[in-house]
1. Ignoring ligands, DNA and RNA, what percent of the 1.4 Å accessible area of the stretch 507-601 is carbon and sulfur?
2. Provide the solvent-accessible area of K369, counting protein heavy atoms only and rolling a 1.4 Å probe, rounded to the nearest 10 Å².
3. How much accessible area per residue does the stretch 507-601 have, in Å², with a 1.4 Å probe?
4. How much net charge surrounds P299 when only the other residues with a Cβ under 10 Å from the Cβ of P299 are counted, with Lys and Arg +1 and Asp and Glu -1?
5. Would you mind telling me the share, in percent, of accessible area of the stretch 342-496 contributed by carbon and sulfur at probe 1.4 angstrom?
6. Could you tell me which of rounded, prolate or oblate describes the stretch 452-602, using a ≥ b ≥ c as the square roots of the eigenvalues of the alpha-carbon gyration tensor, with rounded for a/c under 1.5 and, failing that, prolate when a/b is larger than b/c and oblate otherwise?
7. Restricting everything to alpha-carbon atoms, can you work out Rg to Rh for the stretch 460-509 with a Kirkwood hydrodynamic radius?
8. Kindly report, to the nearest 10 Å², the accessible surface of H450 as traced by a 1.4 Å probe over protein heavy atoms only.
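The values are calculated or read from the model by the stated rules, or taken from the named source; none is laboratory data. All values derive from a computational prediction rather than experimental measurement. Glycine gets a Cβ as well: all are built from the backbone with ideal geometry, and neighbour counts include every protein chain shown. What goes into the accessible areas is simple: the full protein's heavy atoms, side chains included, and nothing from ligands, DNA or RNA. Shrake-Rupley method; radii C 1.70, N 1.55, O 1.52, S 1.80 Å.
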Amino acid sequence: MEPHPVPHKTSSLNYSNRPAIMKTIPSCLLCIPLLLGTASTQVLPPANDTVPIGPVVEMEPYVVKDDRILPNPEQWHYAKVPALVLTRGDRQIIAPGYEMLSNLNSSQTRTLVEELQLRQFAATYLWPMLTQALPRTPVYVVVDINQQHSAPRQFVKSSDTWEGDPIVATNIEPSPGSFSSSSDFAATGAQRFAAEYGLSRMDDINTDTMVMSEDITPEEELMQSSSRQAQRYERDETVARPLPDGYVELAMNGGPLAALVRAGEPRAGLGRPSEERFAATLSYELNLFALNSQSQKLPGWFVRGLGSLLGSTQVSRKLIQFARVKEDLAGRGMPKLSGLLKKEGAFTEEEARLASLFVHYGLFGDNGKYSARFMQFVNHLASGGEPTDAMFKEAFGKSMRTMETYLAAYARDLAFYKSTDFKGDIPPMPAPVYREATQSDVARIKAEMHVSQANPGKALEELRTAYWRGERAPAMLALLATLEQQIGSEARARKILKALLGLPAPPPQTYIAAARLQLNDALAAKPAGAKLAAEETSALIDTLSGALAGGLTTEDLCGTLAEVILKSDTRPDANMIAFLREAAKRYPRNQTIAGALAPGRN
């Protein structure tokens, strides 16, 4: 579930009332109720004027001076899957929900959603630390039956102007504010990162059951008491395993996670994969993303090997089966462990198989004898240690060369058929919402997908087309204003933002785009190289607090805040530095965030 945005009532682009609002932020961000319900079975309603989708922003219609041929409206199913909240002791693990467009038929769409929810639960139950590494904002998913496996990506150059659009430029003036609110903002942000991501070391894992070493509920204890080890794996081609690369493309580019599922008939006469396999593949990609998002950079071989085990997870209403996998590996062609343990980047097929085999042995070999030492070995490498033969022998009681021989036999031995099974009734999942997608839904979700794939020009075209058709949904307009400010018409962005900020509860993204313009205006009024004054810095932080209060901790928000700090002559306080450090852990490749924390800056 997304946190509800705090209402920000304003009639202009002025932000003088933020400090009173800031007092309410911690409770609205950190108190998230448990939502569990039964699956929805209602009939898909039509998306017309009689269906209340949400508020609509009143703006004058677009005036067309030249002929423009718009593409035909697209028919899609819309599904909204709530976040899943799993209580573990005194903690809540929150798995992100989904907003989905699908042009599969209604039955296929529902099957895909139901499978995703089962895997959402399994991932949260088995590996809560990975679920916590995912953003809480919904994952946007486009399931397109018209796109084939490995179809080439399209890049569209963005247009510079909107011909014939009556634009009235309005300036966003920085407003005065209390600089003390920046401390509240930073403290709240740091708390939110800690509560939201909970990034931890790999040795927090109880490798006996593949769950966190914490208090568990009676229902989970019942499932664990029914756990069965050493299951014989029977090759079953009907088992839903992840598809090869090219079917699902998951990415994040400053904003939320988004995925394109190419659900069309593959080339070369292959049959179209099932919805269960598409769900398995998307879940697998999310797990890999989470593994690569840990605060510690995990060894590449471990990510690849554990990813294989995660991808093999099978889920039904009464059974979760983890690590049901078998990798055939010929001893003669086996790569060297010494090389594998140091490798980063792409793996050959044989290296990938060896990685899966070694991780499986480390977790399950000899009835889990080495699992604790194996995780210590992983942590040692993640902390920068070298995989020396002496350290390897200390962990496993054998040299790397002896282990290679052992693994070759292990691949053929019945011991490799082990998996960890959890039996019990999975609780009811939160009820999804199914309906026909509005054209605002189509434009917004497809645009988020294009942005994640570093194709903002195509995203802007999608949103502009919806605007020309008269769509005025606030969430769509907020994304449109953001892209107009970044690569399109700044005047159009100002006009849309002014209308959005007049709503009782503007979309959280509105405040990030408004802060960007506010920052640009403040710097444009100064000599080159001049810094922001304390009151200007305060006003910008006040503006960004609207996004934080609305539940956003995206890279775009954190990067904008870091840019404000870099261009301010006011030193950030301890809370702000703590917030930026948490942001740097979450977005380690963002140079602006790193620059705000550089030595000598603070």
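1. Values: 1770 of 3370 Å².
Roughly 53 percent, rounded to a whole number.
2. Looks like 120 Å² after rounding.
3. Computed with neighbouring chains in place, this is 35 Å² per residue.
4. Summing Lys and Arg as +1 and Asp and Glu as -1 gives +3.
5. 50 percent
6. Because a/c hits 1.5 or more and a/b exceeds b/c, the stretch 452-602 counts as prolate.
7. My calculation puts Rg/Rh at 0.93.
8. 20 Å²
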